[in-house]
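To start, the structure under review is shown below, and the notes come after it.
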Amino acid sequence: MDGKILLCLSGGGFRAVAFHLGVLKRLQELGVLQRVDCISSVSGGSILAATYCRMLLEESFCFDRFEERVIAGLKQNLFRRWFWRKALRAVRYASWSTIRSEEPTVVEALLEKSFRLDVKLRDLQRRPRLIINATDLNDGQAYYLEATSIGRGAEPLKNTSGRYLHQDMTLARAVAASAAYPIVMEPVVHEIEINNNQQQSMAINGINGVGLD
């Protein structure tokens, strides 16, 4: 990607969201943000990056409206809301850590509502290219999630016919996979087709650190 601008947004919870919002605002003022070709993010950085890319789909993007949406989401005290919803779900299923395959997690539902991440990854614009990073708890491998594919490490995953695995995740689900802190929050379980006769279950969680590019 020589000659192109890549932006990496690291993790750190909602503090990272607030910090990166300031970074994007300054890049906007300098006229750099509009020239970014790729955004790679993890954890809290994924929340902001996904919100930004989601709002680029709107008819006329306005950075001020983007800033207002992020600040409004931060003011909703998602951690407290997550705790009580998680507690109610634990009572319902008689387990704090119960994971139901393909069922939206508490984090996913809150992110979708608070930051309006209500589209699928495949619906995002191809520029800037959004790469959301997470870790599969089954094998400890780093995975990336984007509009056209999913991958392990730096390699796109393919099925036995050689075709790239299509990523049909919602944006909120991908961000939840990147932002859900291991052990404390339940992982996102997602089924992906490896071949015509086999599916692989991915239990993916977020990690803090610099986004991979």
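Just so it is clear, none of the values below were taken in a lab; they were calculated from the coordinates. Just so it is clear, the structure is predicted and the values come from calculations on it, not from any experiment. Neighbour counts run over all protein chains shown; Cβ positions are idealised from the backbone, glycine included.
Does region 111-154 come out rounded, prolate or oblate, given a ≥ b ≥ c as the square roots of the eigenvalues of its C-alpha gyration tensor, rounded meaning a/c under 1.5 and, failing that, prolate meaning a/b above b/c? Write out the running numbers ahead of the final one.
Numbers: a/c = 2.86, a/b = 1.45, b/c = 1.97.
Oblate, since a/c reaches 1.5 and b/c is not below a/b.
Go through 131-143, 11-23 and give me the packing order, highest mean Cβ count within 10 Å leading.
Numbers: 131-143: 19.1, 11-23: 17.5.
Top to bottom by mean Cβ count within 10 Å: 131-143, 11-23.
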